[in-house]
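The structure appears below as structure tokens.
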């Protein structure tokens, strides 16, 4: 077997299998604030913090091959911040999760502008023209 031999189709990593997990994690992250609002009086804050930390870890594990290397320390800082906040004030930590996620995405956008490829790129001029 040579070094240029390819793996059989069944043994190759399947990026398509990550798509449903990524969609689930994005949906779970979007639902999180509404779940907190709906269950605030019925569920202990520590449960929400545990769910938020699990979402952070699962998102990093699922997307580790697709995300740029600079996002790993940013995501780790968000998880550590959330854990420290939960130790100080659980209610604050529960409310801080959406803010921390926004900071992670803002950092990813800002760093991608400094070190291309950028997350967002300008559309070509023909995309802005109205159909005549």
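The values are calculated or read from the model by the stated rules, or taken from the named source; none is laboratory data. No experiment lies behind these values; they were computed from the predicted model shown. Glycine also receives a Cβ, built like all others from the backbone with ideal geometry; neighbour counts cover every protein chain displayed.
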Return a yes/no flag: does the stretch 58-71 have any residue that is more than 17 Å from residue 33 (Cβ to Cβ), in a helix (DSSP H, G or I), free of Cβ contacts under 8 Å to residues at least 24 places away in the same chain and within 13 Å of the chain's Cα centre (by Cα).
yes
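Yes/no matrix, rows are residues, columns are (1) more than 11 Å from the chain's Cα centre (by Cα); (2) at pLDDT below 90; (3) assigned to a helix (DSSP H, G or I):
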{"residue": "25", "(1), (2), (3)": "no, yes, yes"}
{"residue": "33", "(1), (2), (3)": "yes, yes, yes"}
{"residue": "42", "(1), (2), (3)": "yes, no, no"}
{"residue": "47", "(1), (2), (3)": "yes, no, yes"}
{"residue": "55", "(1), (2), (3)": "no, yes, yes"}
{"residue": "75", "(1), (2), (3)": "no, yes, yes"}
{"residue": "83", "(1), (2), (3)": "yes, no, yes"}
